[in-house]
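Some notes on the structure that comes next.
The values are calculated or read from the model by the stated rules, or taken from the named source; none is laboratory data. Bear in mind that the values here come from a model prediction, so they are computed numbers and not experimental data. Neighbour counts run over all protein chains shown; Cβ positions are idealised from the backbone, glycine included. Quick note on the areas: whole protein, heavy atoms, side chains included, nothing else; ligands and nucleic acids left out. Shrake-Rupley method; radii C 1.70, N 1.55, O 1.52, S 1.80 Å.
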Amino acid sequence: MKAAKIIIVNICRIIVGLTFIFSGYVKAVDPLGTGYKIEDYVTATGVVGSLPSWISLSASVLLSAIEFCIGIMLLLAVRKRLAAWVVLIVMIIFTLFTVWVYIADPVSDCGCFGDAVVLTNGQTLTKNIILLVASVVVFAGHERMIRFISDGNGSIVLSYGIVFILATAAYSLYYLPQFDFRPYHIGVNIAGSMTIPDGAEQPEYETTFIMQRGGVTKEFDLAHYPDSSWTFVDSRTRLVKPGYIPPIHDFTIQTASGEDITEEVLSRPGYVFLLIAPYLDKADDSNFGPIDQIYEYAQYFGYPFYCLTSGTAESIARWRDNTGAEYPFYFTDGTTLKTVIRSNPGLLLLRDGVIIQKWSHNNLPKGDRLNAPLDRLPIGQEKDVSRAKKVAQVLLMFILPVFVLSLTDRLWAWRSRLHIRKHETGLFISNTEKIMSKKIVAGNWKMNKSLQEGVALAKELVETVKDPKCGVVICTPFIHLSSVAEVVKGTCIELGAQNCADKAKGAFTGEVSAEMVKSAGAGYVILGHSERREYYHETPAILKEKVQLALANGLKVIFCIGETLAEREANKQNEVVRTELEGSVFNLTAEEWKSIVIAYEPIWAIGTGKTATADQAEEIHAYIRSCVAKVYGEGVAAATTILYGGSCKASNAGELFAKPDIDGGLIGGASLKAADFKGIIDAWG
């Protein structure tokens, strides 16, 4: 049953992760297209008017980066708890949004996978419901996600992923999308893609013209097209009756007088240049020089050159005034032109009606390359756009570095394991190289002893504990620290506090900061004790802050974890301790981890007289060490001190300390009497 749950969680995690990576990548490949879709949604809501293009574009890039990074976190199990929370929240939002899209039907295609995979609104809703269910499974069982890479290297991969996806978006914006999923990709015959097979059901479209006169904007259909006193603004074409819809169904070229010359242009043999400027009033005119050079080149060799736009006569006139353009202008639907090329303006080269080259206005052919007829130039040949080749390039640019980093991470862990374990082959590392954890017996006095009694107990311990075979720490109440520090100064006994605040300083009446603890002479501090968690409601987030502040002030942290009786009886002890570690200390660097001592305290055995058997204690200690190894490697795990804190006494200390993964004890009641405490310390002797 447990294995089945692990399999289910990881299958769901991989499905959701890969979906988010794919969705984020195809959006980054075509950020303008995603921006257009965002504008469509905003317009459909009617909440605001037209959205500034920079806002929609920024939202597009941000959305692609978020989706891509969520996918990486899930796929590699980086920051598992955070990833599970984020994907659940995002999928709830996405699903609610697609419910609205399905009901309101503001657009025919949600755009969740760009033009790579076109889904109807119903298909999108179904897809999101499935992903939401999978996200719930991942959220509920995020601890069961199998880690492919340590959190440290996972953060590096995540950072690389952010850079990679932003670079992809930037490249696609400056040049053109690396993958062109639209019908107007290189190699397509435009006229052929507009053909409807014989016998196919014919679709019916309705074209609406947006016109202005005297500050008034109205829409007209073709049957009620107004007189010349109205100025053309834009046109929209919508499907009235579905039928066979060819890949290209909305491409027309018209003269200013309304004459359709589409067939004339597309059926023309040889080469044809098409300058595409969806909206001239928003077009970038910084590269008009290269455009003019290409036009002059086309004139010289007799190649037709057309500028297709949806702009008005006024915008054409302004463009001519600003750039000195002499090429002819023709009219095509603006939405269609935005689909043809993701650049305003952009350039297409046709040969016998087939698109063989596409250029953004940022990388137009230079004049010095236009020195011969097109059939003798590289730009006159159909560009190699093999998708298999491009996929291979993407794999090399992203997946290969990730794979190499993951492999290096695993090899490093394996290397560390070699340095601490003997092998059945007889090969082993010498004792001088073997990494050993420090053995410690720590006393937690809790809220006991007056100041005078505490000083007396400390003096008695100094007198009786002379040459221990382990480290000895006593953790006293705050008011004892300075006085006891003087008593144990220069002895084998070290001093610790039982808590510190999660704030550095300020108006927090009654709190004691980590800096204060350190200044009082303490070298250790206990954090995360079950009593603090239960009575004072200390959360993983609070403890995380406390740990960071303690380390920043040079304190070593005895970090307590453990399960309740109900959790033990439900066999959830492993899940509990792993969650507590991940929530507060597994964010630390390997260097910071050197100052962490783990204290496992079965809550059901604290102050109850009950004690976990030595085998039970060893089992959970070994599991805790394996959790540390998964994050920091076997070497660090072997050097980590893990104490047992469940009613340890002189009578059972020897049996407990004999276990290989138990490195000492965090002692409560037995630490309040010098003889009892010394008896436990002597168990190492």
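For this structure, a couple of remarks:
- P226 assigned to a helix (DSSP H, G or I) and surrounded by 13 or more Cβ atoms within 10 Å (Cβ to Cβ): no
- Among (1) at pLDDT below 90; (2) in contact with an Asp or Glu (Cβ under 9 Å, 6 or more places away or on another chain) - the single one I38 does not satisfy: (2)
- Region 662-684, subset in contact with a strand residue (DSSP E or B) (Cβ under 7 Å, 6 or more places away or on another chain) and in a helix (DSSP H, G or I), residue surrounded by the fewest Cβ atoms within 10 Å (Cβ to Cβ): F677
- The C-beta contact set for region 1-27 (first residue closer than 17 Å to R147 by Cα, second residue surrounded by 15 or more Cβ atoms within 10 Å (Cβ to Cβ) and polar (S, T, N, Q), distance under 7 angstrom, 6+ apart or interchain) comprises V16/S135.
- Sole residue being assigned to a helix (DSSP H, G or I), within 30 Å of the chain's Cα centre (by Cα) and more than 20 Å from A442 (Cα to Cα), chosen from E619, E591: E591
- Residues satisfying the stated conditions in region 363-385, i.e. in a loop (DSSP other than H, G, I, E, B) and surrounded by 10 or more Cβ atoms within 10 Å (Cβ to Cβ): N363, L364, P365, K366, L370, A372, P373, L377, Q381, E382, K383, V385
- Qualifying positions in region 437-458 - open to solvent by 50 Å² or more (accessible area, probe 1.4 Å) and in a helix (DSSP H, G or I): L451, Q452, E453, A456
- Residues that are open to solvent by 50 Å² or more (accessible area, probe 1.4 Å) and out of contact with any Gly (no Cβ under 8 Å at 6 or more places or on another chain) were ranked within region 575-596; the one that is nearest to A550 (Cα to Cα) is E592.
- The requirement of being under 30 Å from G380 (Cβ atoms), in contact with a strand residue (DSSP E or B) (Cβ under 6 Å, 6 or more places away or on another chain) and either at pLDDT 85 or above or surrounded by fewer than 18 Cβ atoms within 10 Å (Cβ to Cβ) (or both) is not satisfied by A191.
- Of the set (1) touching a helix residue (DSSP H, G or I) at 6+ places or on another chain (Cβ under 9 Å); (2) part of a loop (DSSP other than H, G, I, E, B); (3) of a type outside the set (S, T, N, Q), all apply to L132 but (2).
- Selected residue (criterion: surrounded by the most Cβ atoms within 10 Å (Cβ to Cβ)) from residues of region 169-183 that are touching a residue at least 60 places away in the same chain (Cβ under 8 Å) and out of contact with any Ser or Thr (no Cβ under 8 Å at 6 or more places or on another chain): P177
- Test for A605: is it at negative phi, surrounded by 22 or more Cβ atoms within 10 Å (Cβ to Cβ) and not aromatic (F, W, Y): no
- Here I146 meets the list (1) touching a residue at least 40 places away in the same chain (Cβ under 8 Å); (2) part of a helix (DSSP H, G or I) almost entirely, failing just condition (2).
- Residue match in region 477-488 (condition: modelled with pLDDT under 95, over 40 Å from the mean Cα position of the chain (by Cα) and not in a helix (DSSP H, G or I)): no
- Subset of region 250-272 [under 23 Å from L239 (Cβ atoms) and not in a loop (DSSP other than H, G, I, E, B)]: Q254, D260, T262, E263, L266
- Filter result (in a helix (DSSP H, G or I), over 44 Å from the mean Cα position of the chain (by Cα) and at pLDDT 90 or above) within region 280-313: D292, Q293, Y295, E296, Y297, A298, Q299, Y300, F301
- Residues (under 52 Å from the mean Cα position of the chain (by Cα) and open to solvent by 60 Å² or more (accessible area, probe 1.4 Å)) located in region 459-475: K469
- Selected residue [closer than 24 Å to Q357 by Cα and open to solvent by 40 Å² or more (accessible area, probe 1.4 Å)] from P246, P328, P242, P290: P328
- The C-beta contact set for region 619-637 (first residue at pLDDT 90 or above, second residue of a type in the set (D, E), distance under 7 angstrom, 6+ apart or interchain) comprises H621/D661; A622/D661; R625/D661; V631/D151.
- Number of the condition not met by V117 [criteria: (1) closer than 24 Å to P242 by Cβ; (2) open to solvent by 80 Å² or more (accessible area, probe 1.4 Å); (3) among the aliphatic types (A, V, I, L, M)]: (2)
- Top-ranked residue in region 253-287 [being of a type in the set (F, W, Y) and out of contact with any Lys or Arg (no Cβ under 7 Å at 6 or more places or on another chain); ranked as surrounded by the most Cβ atoms within 10 Å (Cβ to Cβ)]: F273
- Residue check for L350: modelled with pLDDT of 90 or more and surrounded by 21 or more Cβ atoms within 10 Å (Cβ to Cβ): yes
- Of all residues in region 544-566, those being closer than 18 Å to Y644 by Cα and not hydrophobic (A, V, I, L, M, F, W, C) number 4.
- The single condition among (1) without any contact (Cβ under 8 Å) to a residue 40 or more places away in the chain; (2) among the aliphatic types (A, V, I, L, M); (3) part of a helix (DSSP H, G or I) that A612 does not satisfy is (3).
- Scope region 21-38; condition more than 16 Å from the chain's Cα centre (by Cα) and open to solvent by 10 Å² or more (accessible area, probe 1.4 Å); matching residues: D30, L32, G33, T34, Y36, K37, I38
- Selection count, region 184-233, where residues are within 26 Å of D281 (Cα to Cα) and either touching a Lys or Arg at 6+ places or on another chain (Cβ under 7 Å) or not charged (D, E, K, R) (or both): 22
- Among the conditions (1) under 30 Å from S584 (Cα atoms); (2) surrounded by fewer than 19 Cβ atoms within 10 Å (Cβ to Cβ), the only one that D109 does not satisfy is (1).
- Close contacts from region 658-685, counting a first residue that is closer than 16 Å to I642 by Cβ and a second that is surrounded by 24 or more Cβ atoms within 10 Å (Cβ to Cβ) and charged (D, E, K, R), with Cβ to Cβ under 9 Å and a gap of 6+ residues or different chains, come to L666/E601.
- Test set (1) in contact (Cβ under 8 Å) with a residue 24 or more places away in the chain; (2) over 17 Å from F179 (Cα atoms); (3) within 16 Å of the chain's Cα centre (by Cα) - L82 fails condition number: (1)
- Looking across region 505-530, the residues that are in a helix (DSSP H, G or I) and either without any contact (Cβ under 8 Å) to a residue 60 or more places away in the chain or open to solvent by 60 Å² or more (accessible area, probe 1.4 Å) (or both) come down to A514, E515, M516, V517, K518, S519.
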